[in-house]
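These notes are about the structure you will find just below.
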Amino acid sequence: MTSDSIGWGKLGAAGPHILVAELDLGPRVLAPSIALGVISIGMPSYGPVTVETAASLSECIDRAHRANYDLVVVDESLGAEAEEIVARLRCGGASLVVLQRTPSDAAALAWFRRGAAEVVLADRDLAALRHAAREQIERVRAARAGGAPGDVSAADGILRHLGSAVVLVDASGEITFANPAAEQILGSSMIDLHGKPLRGFLAEEVGESQLASALAGVAATPAIETRVRRRDGSFVPIALSCGPVFGTDGRPGGVVAAFRDLSDAQQWRAHVLQTEKMASIGQLAAGVAHEINNPMGFIHANLFQMTEYVADLRQIWNRAEVLLKTIGGSDPEAVRIAAAELSEAATELDVGFLLQDLAKAIRESQEGSERIRHIVQDLRDFSHQDTGERVLADLNQCLDSTANIVWPMMKHIVVLSKHYGELPPVPCYPMQIKQVFMNLLVNAYQAIEEAVAIRAYPGIGTVTLTTTPNDGGVLVEIADTGTGIAPDHLDRIFDPFFTTKKVGAGTGLGLSTSFNIIRRHGGTMRVESALGRGTAFKIHLPLLGEEIGSDLV
Ligand SMILES: Nc1ncnc2c1ncn2[C@@H]1O[C@H](COP(=O)(O)OP(=O)(O)O)[C@@H](O)[C@H]1O
Ligand SMILES: [Mg+2]
């Protein structure tokens, strides 16, 4: 099937075919200049440019009979032959442009009468000629495609200036057209791209399968996030959508692939996530500081005690040294006295207890420092950013380490009840998932805190964490016995900036960020709530999640 039949023929067909009739005076100037001009202006959106030359009337006519040119450029310096060429080719379908060597309105008029579509004066860098060449090619292409000239210029202009990349492929998946934005993202010029399979640029299976279904005629799906591999081996993240194009016979004849560069968007998204995350760490800082301070307190006390024990042991060692010296001498009385003094000191300082207590102090300090190490590790884990790729993660571990971070803040009013099921590893961005858990845990804690305040008596709430393998994926539920959510708030809580909290306590971004993170993982997030009783958030993450959409925050 030709690309004409997919309705984009005027853009997807073979590249411009140009014939240049000029005197053969050694190195040719016109042909390369025109080719260069056409390419630099962006004509490759029609496919690779072919420029041929003819140095005489007969050669010109001969070529014109054999090929179907879009444009014939005739140099006035060919003299009478130039006139003959224009006269003979005027009805051939190609657009005729005459290059005038000396300015003359009368001569230009004569050229128009003979059938020239355009007469341009040879300027220093042939800019006018290049410009005319481009316009004439567009005109001819438009006329051949049966549309008004304006249609093509408009469509072409739109595609050329569109920020998004547009690539057309034919029924076999080969590129027939790429706009400049596509050339830039794919890192290749149209000339290189033409005829190459688009599949070769798609770095991931999701992209390939989207292209394959469009080629099979399946209607466009929402944009997916994937990556292209450029020729230099680098990757560019893109949001890609592919739509089938049908031929006049109603059969799928190719695909329009539209995509945009997500590099900046992803950087921005990562930045927003990171800021949000750091803000939640800020909220937790007091609790974490307390949690670190506790073990730090007894490590400090133990160290003080251990210093005293070491001083005692030194006293005993001093006496032991005296004894050793006397044993080496010849005075048995001195040995007896030294031994008695050692024994006395050992009893007085209770060496047995001292050693036992020292061991205990060391063990406790080790445990304390281990706890601190864990807290710091969890915090460090949490503040890390994801790498660009999904990894297989243990969601129980993600949930647990996040709960550990929030725990110091909530433990005075919350009982944590954990019901972790056996979960398969889930392909995800673990840092983002931890961020979701963090948002939900902080919300749960705040709801309990508020409920406790409302009841105005010292109370305690429960946060229940449940994970279960479910329906080709994993279900994570975070439920609390907090205030619950008013029914008229329920459908607004996922809106950005919706918050019922005091200034400083809430940004209203936690749930909307979380919702988008889960959605990008191809999962779902639901809420159930009863006012005055509590709330449960249920997250389902699929094992083979497709990333959907690319909305931010
Ligand atoms: N577990 C919950 N219990 C009660 N209300 C909740 C809970 N989670 C969220 N909400 C409600 O949803 C609103 C939006 O939550 P969120 O997007 O996290 O923003 P923020 O916590 O900053 O207010 C909260 O202000 C609160 O009214
Ligand atoms: Mg919140």
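Taking the condition in a strand (DSSP E or B) and open to solvent by less than 40 Å² (accessible area, probe 1.4 Å), does LEU511 pass? No, not satisfied. Taking every residue in segment 240-252 that is of a type in the set (Ser, Thr, Tyr) and pairing it with any residue that is open to solvent by less than 90 Å² (accessible area, probe 1.4 Å) and assigned to a strand (DSSP E or B), at least 6 positions away or on another chain, the pairs with Cβ-Cβ distances below 6 Å are SER241/ALA258. Inside segment 198-253, residues that are within 19 Å of the chain's Cα centre (by Cα) and at positive phi make up a count of 1. Just to be sure, is ALA55 in contact with an Asp or Glu (Cβ under 7 Å, 6 or more places away or on another chain), open to solvent by 20 Å² or more (accessible area, probe 1.4 Å) and within 22 Å of HIS17 (Cβ to Cβ)? Spelling it out, ALA55 is indeed in contact with an Asp or Glu (Cβ under 7 Å, 6 or more places away or on another chain), open to solvent by 20 Å² or more (accessible area, probe 1.4 Å) and within 22 Å of HIS17 (Cβ to Cβ). Residues to consider are SER514, SER529; find the one that is polar (S, T, N, Q), near ligand 1 (Cβ under 9 Å from one of its atoms), in contact with a helix residue (DSSP H, G or I) (Cβ under 6 Å, 6 or more places away or on another chain) and in contact (Cβ under 8 Å) with a residue 40 or more places away in the chain. Answer to the check: SER514. Close Cβ contacts (under 8 Å, 6 or more residues apart or on different chains) running from residues in segment 479-492 that are assigned by TED's automatic domain parsing to the domain that holds GLY508 and within 15 Å of ALA451 (Cβ to Cβ) to residues that are among the polar types (S, T, N, Q) and more than 8 Å from ligand 1 (Cβ to nearest atom) comprise ALA479/THR464; ALA479/THR466; ASP480/THR462; ASP480/THR464; THR481/THR462.
Could you please let me know if THR464 is more than 12 Å from ligand 2 (Cβ to nearest atom), in a loop (DSSP other than H, G, I, E, B) and polar (S, T, N, Q)? In short, no. Every condition in (1) among the hydrophobic types (A, V, I, L, M, F, W, C); (2) over 23 Å from GLY195 (Cβ atoms); (3) modelled with pLDDT under 75 holds for LEU11 except the one numbered (2). Here is a list: ALA212, ALA258, ALA239, ALA286. Which entry is open to solvent by less than 70 Å² (accessible area, probe 1.4 Å), assigned to a helix (DSSP H, G or I) and either modelled with pLDDT of 80 or more or of a type in the set (A, V, I, L, M) (or both)? Answer to the selection: ALA212. In this structure, THR347 qualifies as open to solvent by 70 Å² or more (accessible area, probe 1.4 Å), at pLDDT 90 or above and among the β-branched types (Val, Ile, Thr). For segment 396-410, does any single residue satisfy the condition of being modelled with pLDDT of 90 or more, in contact with a Lys or Arg (Cβ under 6 Å, 6 or more places away or on another chain) and either more than 14 Å from ligand 1 (Cβ to nearest atom) or open to solvent by 20 Å² or more (accessible area, probe 1.4 Å) (or both)? Yes, segment 396-410 contains at least one residue that is modelled with pLDDT of 90 or more, in contact with a Lys or Arg (Cβ under 6 Å, 6 or more places away or on another chain) and either more than 14 Å from ligand 1 (Cβ to nearest atom) or open to solvent by 20 Å² or more (accessible area, probe 1.4 Å) (or both). Any residue in segment 426-449 that is assigned to a loop (DSSP other than H, G, I, E, B), free of Cβ contacts under 8 Å to residues at least 60 places away in the same chain, open to solvent by 20 Å² or more (accessible area, probe 1.4 Å) and not aliphatic (A, V, I, L, M)? No.
If you go through segment 369-394 and keep only what is within 19 Å of SER280 (Cβ to Cβ) and open to solvent by less than 70 Å² (accessible area, probe 1.4 Å), you end up with ILE375, VAL376, ASP378, LEU379, ASP381, PHE382, SER383, ASP386.
Scan segment 389-442 residue by residue and report those that are closer than 30 Å to THR226 by Cα and polar (S, T, N, Q). Hits for segment 389-442 are ASN396, GLN397, SER401, THR402, GLN432, GLN435, ASN439.
Here the condition is being in the same structural domain as HIS540 (by TED's automatic domain parsing), away from ligand 1 (no atom under 11 Å from the Cβ) and not hydroxyl-bearing (Ser, Thr, Tyr); of VAL476, VAL442, VAL503, VAL436, it holds for VAL476 alone.
Does segment 265-283 contain at least one residue that is farther than 21 Å from SER401 by Cβ, open to solvent by less than 50 Å² (accessible area, probe 1.4 Å), without any contact (Cβ under 8 Å) to a residue 60 or more places away in the chain and in a helix (DSSP H, G or I)? No, because not a single residue in segment 265-283 is farther than 21 Å from SER401 by Cβ, open to solvent by less than 50 Å² (accessible area, probe 1.4 Å), without any contact (Cβ under 8 Å) to a residue 60 or more places away in the chain and in a helix (DSSP H, G or I).
Quick one: in segment 479-508, which of the residues that are away from ligand 2 (no atom under 16 Å from the Cβ) and of a type in the set (D, E, K, R) is surrounded by the fewest Cβ atoms within 10 Å (Cβ to Cβ)? It comes out as ASP488.
Residues in segment 315-342 that are among the polar types (S, T, N, Q), closer than 22 Å to LEU354 by Cα and in contact with a helix residue (DSSP H, G or I) (Cβ under 8 Å, 6 or more places away or on another chain): GLN315 only.
The values are calculated or read from the model by the stated rules, or taken from the named source; none is laboratory data. On a predicted model such as this, the values are computed, not experimentally measured, just so you know. For neighbour counting, all protein chains shown are included, and Cβ atoms are generated from backbone atoms with ideal geometry for every residue, glycine included. Surface areas here come from the heavy atoms of the whole protein model, side chains and all, with no ligands, DNA or RNA. Shrake-Rupley method; radii C 1.70, N 1.55, O 1.52, S 1.80 Å.
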